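What follows is a short report on a single structure.
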Amino acid sequence: MAELRVPKLNNNDAEYLLVEWLVPDGAQVHEDDAVVLVETSKATEELPADATGVLRYAVAAGDWCKPDQVIATVTAPGSAAQEPAPATGTGTGSGAAPASGTGIDSSAGPDLDAGPASGVGAGPLITAPAQALIDELGIPLDRVKALGVPVVRRSDVERLVSGTNRQPLSKVQRGVARAVELSRQTIPAAYTVVHMDLGPALRYAEEQTALIRRPVGLAEVFVEAVAGLHGDFPLFFAAIDGDHAVLAPTPDLGVTLDLGAGLFVPVLHDAGARTLKDIASTLMRHRLSAAEGEFTSRELAGANFVITLHTEGDVVLAVPLVFPGTACALAVTAPHDGTRAYIGLAYDHRLINGRDATLFLGALKSALESRA
């Protein structure tokens with residue numbers, strides 16, 4: 001019997017939320033099949049099975065789990081030890097089969113809304129939008145299996161039928177491309193970077209995670225700190241209209257989410273009036289929406305300041321674009337030297353000068369380094 005344990009996904013989190021099981025309890029799975037969604041303070045992660053056999057839940061959807069905790073077992077087919085492991089907690093997703101397709105265009109984001117379309121254990125996990133395209137084009141299952149991926153998405157099928165190494169951009173990525181092109185053409189951007197000690201912010205995030213029972217990381221802490229600067233730095237949240245700056249009554253903060261299928265920038269409206277618990281809960285919902293591609297138009301509209309996250313891998317410096325309609329984009333990187341990190345601000349030079357950018361970053365640095 002193999003155990004499915006939660007890997008260490010984020011150095012800033014002591015526990016994660018088990019969002020959804022992608023296969024039913026008792027289903028036959030293959031090694032490396034994606035079987036569960038787990039959410040950290042940064043992103044929603046798919047976890048694969050480590051063996052082939054019958055999957056049994058040990059933790060229910062909606063419950064919290066810690067690194068190295070056993071959340072399921074995989075028993076070899078025909079084994080006598082195939083009784084269900086008790087699922088802890090009262091999460092709503094325990095024992096339920098994965099949700100069926102919702103009719104959403106898969107090009108709007110990752111299409112993680114279906115279990116295996118070709119029968120449990122008969123091949124890779126095929127999402128509903130991918131299966132719809134397979135059926136429409138009459139593609140044999142053998143060709144689909146030949147892709148060699150554990151989860152077949154619509155983009156994989158599109159690449160398969162193209163017969164070349166050309167892969168079409170998703171709807172989301174095409175939208176990003178248009179925004180980038182417009183930004184390059186119309187916004188005279190400048191950039192300033194400072195060195196910050198994020199140790200106090202990380203300790204604050206850990207304490208708040210335990211206190212409010214929501215995953216709090218750098219994204220949540222930066223949202224709270226940036227929103228608190230709105231009153232003192234109104235031009236950083238303004239839009240330009242000819243020879244005038246249009247001031248925003250509230251800080252409406254966009255936070256970048258990129259889970260591999262294109263860039264989403266959902267918005268926390270009136271972030272200055274939100275508690276940290278509300279910020280954390282909203283970002284948690286946004287990460288799940290990014291995984292499923294189920295944002296509403298309001299959730300993606302109206303940002304007047306953007307926080308871009310570059311906290312994975314060995315990234316020490318990032319220079320973001322200023323998106324049309326905003327004046328600033330703050331680049332947040334993970335600590336690279338103990339707890340120190342380079343935090344940069346790209347800004348529309350028509351509204352903001354270098355001295356003002358330095359003052360803003362100094363105020364943000366003071367706010368974060370005094371977090372307690």
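Computed from the alpha carbon positions, the gyration tensor of region 268-319 leads to an equivalent ellipsoid with semi-axes of 21, 15, 13 Å, biggest first. Neighbour counts of other Cβ atoms within 10 Å put Arg56, Arg159 in the fewest-to-most order Arg159, Arg56. Put simply, the amide H of Val59, placed in the peptide plane, has neighbours under 5 Å in Thr88, leaving out anything fewer than 5 places away on its chain. Computed 3J(HN,Hα) for region 339-348, one whole-Hz value per residue from the Karplus formula 6.51 cos²θ - 1.76 cosθ + 1.60 where θ = phi - 60°, is 10, 9, 8, 8, 10, x, 10, 8, 8, 6, glycine and proline marked x.
Legend: ranking of residues Phe264, Phe233 from fewest to most surrounding C-beta atoms inside 10 Å; resulting order Phe233, Phe264. Relative to its residue count, region 220-372 spans a Cα convex hull of 119 Å³ per residue. Fewest-first ordering of Met284, Met196 by other beta carbons within 10 Å of each residue's beta carbon gives Met284, Met196.
Each value in this text was obtained by applying a stated rule to the coordinates, not by laboratory testing. The model shown is predicted, which means the values in this text are computed figures rather than measured ones. Every residue, glycine among them, receives a Cβ derived from its backbone with ideal geometry; neighbour counts consider all protein chains shown.
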